[in-house]
1. Within the accessible area of segment 52-120, what % is carbon and sulfur when the probe is 1.4 Å and the other protein chains stay in place?
2. Give the accessible area for VAL115 in Å² (nearest 10); use a 1.4 Å probe, count only protein heavy atoms, and leave out ligands, DNA and RNA.
3. Take the cross-link list LYS197/LYS232; LYS83/LYS123; LYS14/LYS123; LYS79/LYS123; LYS83/LYS134 and give me the ones stretching past 21 Å between alpha-carbons.
4. At 7 Å along the Cα-to-beta-carbon direction for both THR258 and ASP230, put a label point, then send me their distance in nm to one decimal.
5. Figure the gain on full extension for ARG209 and LEU13 (residue separation times 0.36 nm, minus the Cα-Cα span) and round it to one decimal in nm.
6. Could you sort TRP152, TRP260, TRP94 by accessible area so the largest value comes first, with the probe set to 1.4 Å?
7. Excluding ligands and nucleic acids, what accessible area in Å² is computed for LYS101 using a 1.4 Å probe, to the nearest 10?
8. Beta carbons within 10 angstrom, averaged per residue: use that to sort the peptides 198-207, 66-75, highest first.
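The values are calculated or read from the model by the stated rules, or taken from the named source; none is laboratory data. What you see is a predicted model; the values in this text were computed from it and never measured. Neighbour counts run over all protein chains shown; Cβ positions are idealised from the backbone, glycine included. Note: accessible area is taken over every heavy atom of the protein model, side chains too, but ligands, DNA and RNA are not part of it. Shrake-Rupley method; radii C 1.70, N 1.55, O 1.52, S 1.80 Å.
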Amino acid sequence: MAALENAIYELTLKHPGGLTPEEIREAMPEHALETIVNVANRLLQSERLELIEIRGRHLFRGVSARDIERLAGLTTDEKLVYKHIENSASDGIWVRTLKQKTNLAPTIITRSLKVLEQRALIKSIKSVKHPTRKLYMLIDISPSSDITGGPWYTDQEMDTDFINQLAHQCYTYIYAHSYPRHKQRSVYSANHTGYPKSSQIKRFIVENRITNVSLSLENIEELLTMLVYDGKIERIAPAFEMDVGGARGAGGGAKPQTDWMYRAVRNSSKDSPFTDIPCGRCPVYDRCSDTGTITPAKCDYFKKWLSF
């Protein structure tokens, strides 16, 4: 019977998502289902297996030798608290949530957390979204960016200097690629596709070692969104997306996320409205003519530009 115990234990370790008794029997057809359940129950009692529930299914999951050693000597309540903290992963769990999930008395929760912290099994952290809440997670888990605030926060405080410096570097790079180099007062044609994209800006920051902080593409796009709201840059859809009547929406399916290009906005006092004619960035430029639905006479952008 010890051999069967070891066989079931090793099998469950290979399936961290857990196995039902029927799934275990499929791997060991020479044993009756009742025998497998009895052996699994003994493994539960020896804490080599744990019983979990996922979508209404009860599963047996193997407990690694490392976790068995870590949890040795803990009370049932302390193990219960530990398991809920473990399941919270990188998001952590709030004390009030622990109380709701475990149904334990507040004093037991507090005592269990103290024991787990003393044994260096868990740690407490603070969330930038909820500074007054103390969250708990396993000692060797790194908190998610939702908890730490990502690269924009240092010691729970927003690093505005770092954000502004990076945003300035992004703006400088975009401006350098927004207008013809030898004709600074000119603009590119409406179908120009050489404006920078977020992936190019990220590569510029990495290759020039502007910061040692690891930045994701999403982080770069957060900076670009800030610059858009500040009126320093503007988003431009790629040329193939400017045709609003194109086939992309004809099938009724969801549109993929736009791979925006970015252009710097001129705010110099020397700027003239003639340097930024609306035709140069019009998404329906190719459809504009003297007759029809889209004409200069009916263009609201053109009227606004003429009234400058």
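1. 50 percent
2. In the full protein context, VAL115 sits at about 40 Å².
3. On the way: LYS197/LYS232 15 Å; LYS83/LYS123 14 Å; LYS14/LYS123 29 Å; LYS79/LYS123 15 Å; LYS83/LYS134 18 Å.
Where the Cα-Cα span goes over 21 Å, the pairs concerned are LYS14/LYS123.
4. For THR258 paired with ASP230, the spin-label model returns 2.2 nm.
5. Gain on stretching ARG209 to LEU13: 66.2 nm.
6. Putting TRP152, TRP260, TRP94 in descending order of accessible area: TRP260, TRP94, TRP152.
7. 120 Å²
8. The most tightly packed comes first, giving 198-207, 66-75.
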